[in-house]
Amino acid sequence: MTNTSKIVDCTIRDGGLVNNWDFSVEFVQGLYEGLNEAGVEYMEIGYKNSPKLLKGADKAGPWRFLNDDFLRKVIPQKGNTKLSALVDIGRVDEADILPRSESMLDLIRVACYIKDVDKGLELVQTFHDRGYETTLNIMALSNVMENELLEAFEMINESVVDVVYIVDSYGSLDHSDIKYLVEKFKKHLPNKRLGVHTHNNMQLAFSNTLVASELGVELLDASVYGMGRAAGNCPTELLIAHLKGTKYKLRPVLNVLENWLVPLREKEEWGYLLPYMVTGHLDEHPRSAMALRASEDKDRVVEFYDTLTTPEVSFEK
């Protein structure tokens, strides 16, 4: 049976959160070449946010604010792997987005929290009108109330968005949560395709992605060597090696790993680590764990756990 799943490799975009998008052009070219040879359908080459709307823009690498002229130089010859970019609500100037016919990008994904779904869908409409494939990625789903979700579904149903994403922002979901969410999304969004974006706080990114795929979720986010903020993502190489009924080739991605990701992992830190496990277990944003890992107390996980689980007010005499 042919598998309908497609991989969206987010190494540059999500991995950029680890090294402030400081990837060399050669790194990105090598990754694109490898993914294209491997048969991966999409490569998310960065953010399409606007530098003037973000603090610290001058310190970030070029993949934080993709420029179309720059992209043409980076990838002069596009293969079958399509290019994707992500935008955040309030951080993108629509004037910076060319029509798809003049752009290197094929897919623009809009990330938003549940309260901003209406704004997210306005952006989606704009990008759709300019010819792009579109997705809406609703973040932090583990913290969303049922009534908020149902309200969002009504708006999404009436929108032009192609794919709606189930995002496990805090890496706190397991297979039963994924199954529950996929079934809910399918029931309320019968005419929309689905995507999934997982994090590896609890070592479940890969299995959660497989569960979603088996339930018919089409777009599977991943990154080579799992590179991404904090605990990272589902590893692209594992999906390529494991997804049944696909024509992916593993060797080109092993080549990318050996030449680029393994050396980078010696300099930068990401992936399953105890503080990230703690925030995943507590269903919290990993920022406190990231701060701990950047401090001298980076391995004091018991104290970290106690801090997060002790009530703020103490009644000790």
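Before moving on, here are some points about what is shown:
- Pick from the stretch 191-204, criterion of a type in the set (A, V, I, L, M, F, W, C) and in contact with a Phe, Trp or Tyr (Cβ under 9 Å, 6 or more places away or on another chain), ranking: most open to solvent (accessible area, probe 1.4 Å): MET202
- Test for ASP58: is it open to solvent by 10 Å² or more (accessible area, probe 1.4 Å) and either modelled with pLDDT under 95 or among the hydroxyl-bearing types (Ser, Thr, Tyr) (or both): yes
- Between GLU41, GLU26, the distinction of being more than 15 Å from LEU105 (Cβ to Cβ) and out of contact with any helix residue (DSSP H, G or I) (no Cβ under 8 Å at 6 or more places or on another chain) belongs to GLU26 only.
- Some residue of the stretch 192-205 being over 19 Å from ARG109 (Cβ atoms) and without any contact (Cβ under 8 Å) to a residue 24 or more places away in the chain: no
- Within the stretch 61-72, residues that are closer than 12 Å to ASN20 by Cα reach partners that are assigned to a loop (DSSP other than H, G, I, E, B) and open to solvent by 50 Å² or more (accessible area, probe 1.4 Å) with beta carbons closer than 7 Å, at six or more positions or on different chains, in the pairs GLY61/ASN20; GLY61/ASP22.
- Note on the stretch 139-191: residues that are among the aliphatic types (A, V, I, L, M) and more than 16 Å from VAL217 (Cβ to Cβ) total 9.
- Qualifying position, being under 17 Å from the mean Cα position of the chain (by Cα), modelled with pLDDT under 95 and closer than 18 Å to LYS52 by Cβ, among ASP88, ASP93: ASP88
The values are calculated or read from the model by the stated rules, or taken from the named source; none is laboratory data. This is a predicted model, so every value here is computed, not measured. Methodologically, a virtual Cβ is constructed for each residue, glycine included, from the backbone with ideal geometry; neighbour enumeration extends over all protein chains shown. Surface accessibility is based on the protein's heavy atoms, side chains included, excluding ligands, DNA and RNA. Shrake-Rupley method; radii C 1.70, N 1.55, O 1.52, S 1.80 Å.
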